[in-house]
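The values are calculated or read from the model by the stated rules, or taken from the named source; none is laboratory data. What you see is a predicted model, and the numbers here were worked out from it, not measured in a lab. Note: ideal-geometry Cβ built from the backbone for every residue, glycine included; neighbour counts use all protein chains shown. Heads up: the accessible areas ignore ligands, DNA and RNA and are worked out on the full protein's heavy atoms, side chains in. Shrake-Rupley method; radii C 1.70, N 1.55, O 1.52, S 1.80 Å.
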Amino acid sequence: MAPVELEPVKHHALAKRNQEGYGHFKPTRQRYPAYSADVVPFRWLMREQLSRRAEELELDADLNREPQLKYESRWVHEAGNQAALPDGFAGHLKEEPLLTLFHANHVPFVEGTSRVLVGAGRIKKVGTLVKYERHRDGPADHPSARR
């Protein structure tokens, strides 16, 4: 929520750690207008939430499309699911003069596990989902990766 426009280059968190599964994601520039914030609905991207959210909101998300991974993960990985769930979340954001609160789960130098209020503002514009650029398709993009 800086008073100036920012254009950081974002790197996928797993692109270097798991080249086979995520190495296809390229560093991607994201534009943040002045006084804006990005939103990542982490809880919505958990596998355990997928079926309930899809049913309640009639989203095109399906646990059966999730790829078979070589490790345990609590997160949704299939590209269509990863698009449908954040879009479903953003569909409830309204460009209205309502107060919006921003919190963090972890703040440096603050002890405890409670969330910390880090900002407040009003939604003037809801942007679109920014997808990582890619070198190629990834394992979660192909039907053969599905169960």
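To the nearest 10 square angstrom, what accessible area does Asp137 show with a 1.4 Å probe?
For Asp137, solvent-accessible area is about 90 Å².
GNM on the chain, C-alpha springs below 10 Å: top fluctuator among Arg74, Arg53, Arg134?
So, out of Arg74, Arg53, Arg134, the one fluctuating most is Arg74.
In debye, nearest 20, what is the charge dipole magnitude of region 10-67 about its Cα centre with +1 on Lys and Arg Cβ and -1 on Asp and Glu Cβ, if you could check?
540
Measure off, as a whole percent, the carbon and sulfur share of the 1.4 Å-probe accessible area of region 24-128, all protein chains present.
53
Could you give the distance between the Cα centres of region 68-135 and region 4-48, to the whole Å?
So the separation of the two Cα centres works out to 10 Å.
In terms of modelled amide H atoms, which long-range or inter-chain residues lie less than 5 Å from the amide H of Trp75?
Arg47
Express the relative contact order of the chain as a whole percentage, based on alpha carbon pairs under 8 Å and six or more residues apart in sequence.
Computed value for the chain: 26 percent relative contact order.
So what are the ³J(HN,Hα) numbers for region 35-41, from phi and the Karplus equation (6.51, -1.76, 1.60; θ = phi - 60°), rounded to whole Hz, Gly and Pro as x?
6, 10, 8, 8, 10, 10, x
Would you please name the GluC sites (Glu not before Pro) within region 20-68 that are DSSP coil residues with at most 15 other C-beta atoms within 10 Å of their C-beta?
Glu58
With point charges of +1 on the Cβ of Lys and Arg and -1 on the Cβ of Asp and Glu, referenced to the Cα centre of region 1-76, which listed residue (Asn64, Val76, Ala54) lies farthest in the positive direction of the dipole?
Checking the options against the dipole of region 1-76, the answer is Val76.
Can you run phi through the Karplus equation (6.51, -1.76, 1.60; θ = phi - 60°) for region 12-28 and list ³J(HN,Hα) in whole Hz, with x for Gly and Pro?
4, 4, 9, 4, 8, 6, 9, 4, 4, x, 9, x, 6, 7, 8, x, 10
Can you tell me the relative contact order of region 1-73? Whole percent, Cα pairs under 8 Å, sequence separation 6 or more.
With pairs under 8 Å counted, the relative contact order is 26 percent.
Please work out how many pairs of lysine residues in the chain are eight or more positions apart (or on different chains) and have Cα atoms closer than 14 angstrom.
So the count works out to 6.
Which value, in debye to the nearest 20, describes the size of the charge dipole of the chain about its Cα centre when Lys and Arg Cβ atoms bear +1, Asp and Glu Cβ atoms bear -1, and nothing else is charged?
Its charge dipole is roughly 360 debye.
Rg(Cα) of the chain divided by 2.2 N^0.38 Å?
1.15
Just the accessible area per residue of the chain, please: how many Å² with a 1.4 Å probe?
Spelled out: the 1.4 Å probe surface of the chain, per residue, equals 74 Å².
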